[in-house]
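Data block below; observations after.
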Amino acid sequence: MQDRVKYEYAIIRVVPKVEREEFFNVGVILFSKSKKYLQVKYHIDTNKLKAFSEELDVNFLEDYLKSWELICQGAPAGGAIGKLEISDRFRWLVASRSTIIQSSKPHPGLCNANPQEVLQDIFEKYVL
C-alpha cells in the first residue's frame, strides 16, 4: 500500500447557457501533490456543442482551456495564477464559478500507476 499515491481530479464541463445549468463534459484535471503532477486533458465535441448552443465559438473555448494548460504547467504565459504553488493552481482551477467553463467538485483517489495513466482512464470514462 505504500507505493500508492493520492490524487484528486475534477471533471471540466461546458455550460453553454449558464442560466439553464445544462452542461456536457469536455475534460479532466488531475492533481497529485506527492508526484508534483498537475495536468488537464480535454476534447470539445463540436457536434455536441452545436446541439447545446449554436452561438458559442469553439475557438474561444479552446483558447480558454489552453490557458488552463498553461496554468497547470506553471508557464510564464499562465499569468499570476501560473506562478502559484502547484496545489494553489489546482484549487484555483477547480474553484466554483458561474462561467461557461466550470469544473465539478474535486474527487479523491489512490493509484499505484502513473498519474498520466489515471488521467487518461478518467478522461476516457467521463469525457469520450
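If you go through the range 1-50 and keep only what is among the polar types (S, T, N, Q) and either closer than 20 Å to residue 113 by Cα or out of contact with any helix residue (DSSP H, G or I) (no Cβ under 6 Å at 6 or more places or on another chain) (or both), you end up with 2, 32, 34, 39, 47. Out of everything in the range 78-102 that is at pLDDT below 95 and among the hydroxyl-bearing types (Ser, Thr, Tyr), what residue ends up being nearest to residue 60 (Cα to Cα)? By that ranking, first place goes to 99. Inspect all residues belonging to the range 105-127 and state whether any of them is in a loop (DSSP other than H, G, I, E, B), within 20 Å of residue 16 (Cβ to Cβ), touching a residue at least 12 places away in the same chain (Cβ under 8 Å) and among the β-branched types (Val, Ile, Thr). Among the residues of the range 105-127, at least one is in a loop (DSSP other than H, G, I, E, B), within 20 Å of residue 16 (Cβ to Cβ), touching a residue at least 12 places away in the same chain (Cβ under 8 Å) and among the β-branched types (Val, Ile, Thr), which makes the answer yes.
Filter the range 85-104 for residues that are under 13 Å from the mean Cα position of the chain (by Cα), in a helix (DSSP H, G or I) and either crowded, with 17+ Cβ neighbours inside 10 Å or in contact (Cβ under 8 Å) with a residue 24 or more places away in the chain (or both) and give the result. Listed by number, the residues that qualify are 89, 90, 93. Tally up the residues in the range 1-29 that are in contact (Cβ under 8 Å) with a residue 40 or more places away in the chain, more than 21 Å from residue 99 (Cβ to Cβ) and of a type outside the set (Asp, Glu), please. Here the count works out to 4. Residue under question is residue 78, and the condition is that it be over 13 Å from the mean Cα position of the chain (by Cα), farther than 22 Å from residue 5 by Cβ and surrounded by 11 or more Cβ atoms within 10 Å (Cβ to Cβ); does it hold? Considered against the rule, which asks whether it is over 13 Å from the mean Cα position of the chain (by Cα), farther than 22 Å from residue 5 by Cβ and surrounded by 11 or more Cβ atoms within 10 Å (Cβ to Cβ), residue 78 comes out as yes. Would you be able to say whether some residue in the range 15-24 is within 18 Å of residue 74 (Cα to Cα) and in a strand (DSSP E or B)? Checked the range 15-24: no residue is within 18 Å of residue 74 (Cα to Cα) and in a strand (DSSP E or B).
The values are calculated or read from the model by the stated rules, or taken from the named source; none is laboratory data. Predicted model, so just to flag it, every value in this text is computed and none were measured. Cβ coordinates were reconstructed from backbone atoms using ideal geometry, including for glycine residues, and neighbour counts include every protein chain displayed.
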